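Asker: Dropping a structure here in structure tokens format, bear with me for questions.
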Amino acid sequence: MMRFGALDRTAARSTSSLPSCGFTRSELRTLRRLKTPAGVQRFLDELPYNLSYTARSPREVLHDRTASCLEGGIFAAAALRVLGFPPLIFDLEAEQDTDHVVAIFKVREHWGAVAKSNFTGCRYREPVYRSLRELTMSYFNVYFNLRGERTLRRYSRPVNLARFDRLNWMTTEKPIWFIAEHLCEIPHIPLLTPEMEKRLTRVDRRTFRGELVGHRKK
């Protein structure tokens, strides 16, 4: 099994702030039992997808055992922090579709991702991607709306959620829409030229069906 001893030193130091972040000992034990980013992903995969328009903190997700894309990405960032990684997320921005919030982590200078999604392929990524653009493009072919249109267009720089520690983002009982608002305000980097966008095809029927395995409807 992969050991994560090669983390950046900044990642190892990030756990020192945890006692002031409000998790109980029991909650921290639960999060530490996840052990690896893949373990965090397995935990998220077992949760029903939350179709409600909410923005609950990682503590609320832990207690309620359900998560949306936004809530799952933020929960994963908090869980990764407990495991020794910086609490990083980034935003995948789409047109004619919803954005996707993804927790990201680095192992030996390569990026990986943990995410909650209502679609099969928009979830975990092994830490094998050399850049965030490369990581983002790994989602491109399976990022589409229910009309089968490929919709992924832009991605943001990483956001370290430690910037919101003063707002108790990990444990508050209040909605954490301020994180979503921040993601909407920061610059995003385009993936395609206008000419590329014009030539995009719709996904084939087999891919469409495969991505909807386990898809929840309102």
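Nothing in this text is a laboratory measurement; each read-out follows from the coordinates by a stated rule. These numbers were taken from a predicted model, which means no experiment stands behind them. FYI the Cβ positions are ideal-geometry reconstructions off the backbone, even for glycines, and counts take in every protein chain you see.
Asker: By Kyte-Doolittle mean hydropathy of at least 0.0 and Cα axial length of at least 18 Å, which whole DSSP H helices of the chain are selected?
Answerer: Working: long enough: 69-82 (20 Å, 1.43).
Once both thresholds are applied, what remains is 69-82.
Asker: Mind telling me which of 102, 159, 128 comes out most flexible in a GNM of the chain, alpha-carbon contacts under 10 Å?
Answerer: The residue that fluctuates most here is 128.
Asker: May I pose another question? Using a Gaussian network model of the chain with C-alpha springs under 10 Å, which one of 95, 185, 71 is most mobile by mean-square fluctuation?
Answerer: Of 95, 185, 71, the most mobile in the Gaussian network model is 185.
Asker: Let me ask something else about it. Compute for segment 94-156: radius of gyration divided by Kirkwood radius, i.e. Rg/Rh, restricted to C-alpha atoms, rounded to two decimals.
Answerer: With Rg and the Kirkwood Rh in hand, the quotient comes to 0.97.
Asker: Then there is this: How big is the charge dipole of the chain about its Cα centre, in debye rounded to the nearest 20, if each Lys and Arg gets +1 on its Cβ and each Asp and Glu gets -1 on its Cβ?
Answerer: Dipole about the Cα centre, nearest 20: 620 debye.
Asker: Now a separate question. Give the separation of the Cα centroids, segment 187-218 to segment 156-174, in Å.
Answerer: 29 Å
Asker: Report, by chain and number, residues whose modeled amide H sits under 5 Å from the one on residue 129, excluding near sequence neighbours (fewer than 5 apart, same chain).
Answerer: Result for residue 129 returns 111.
Asker: Further, regarding this structure: Using 5 Å bins from zero, what percent of all Cα-Cα pairs in segment 48-153 falls into each bin?
Answerer: Reading the bins upward from 0: 2, 13, 22, 24, 19, 12, 5, 1, 0.
Asker: How long are the three semi-axes of the equivalent ellipsoid of the chain, in whole Å, if each is the root of 5 times an eigenvalue of the C-alpha gyration tensor, listed from largest down? Each step should come with its number before you reach the end.
Answerer: Details: eigenvalues 158, 72, 56 Å².
Computed over the chain, the values are 28, 19, 17 Å.
Asker: Would you compute, from DSSP H runs of 4+ residues alone, the mean residue ellipticity of the chain at 222 nm, taking -39500 (n - 2.57) per run and dividing by the full residue count, rounded to the nearest 500?
Answerer: For the chain, the value works out to -8500 deg cm²/dmol.
Asker: Which pairs in the list 106/217; 174/218; 116/174; 35/116 are over 29 Å apart, alpha-carbon to alpha-carbon?
Answerer: On the way: 106/217 33 Å; 174/218 24 Å; 116/174 21 Å; 35/116 18 Å.
Correct reply: 106/217.
Asker: What whole-number distance in Å separates the alpha-carbon centres of segment 83-114 and segment 20-49?
Answerer: Between the Cα centres of segment 83-114 and segment 20-49 lies a distance of 17 Å.
Asker: Here is a follow-up. Comparing 184, 122, 69, which has the greatest mean-square fluctuation in the GNM of the chain with Cα pairs linked when under 10 Å apart?
Answerer: Comparing 184, 122, 69 in a Gaussian network model of the chain, the most mobile one is 184.
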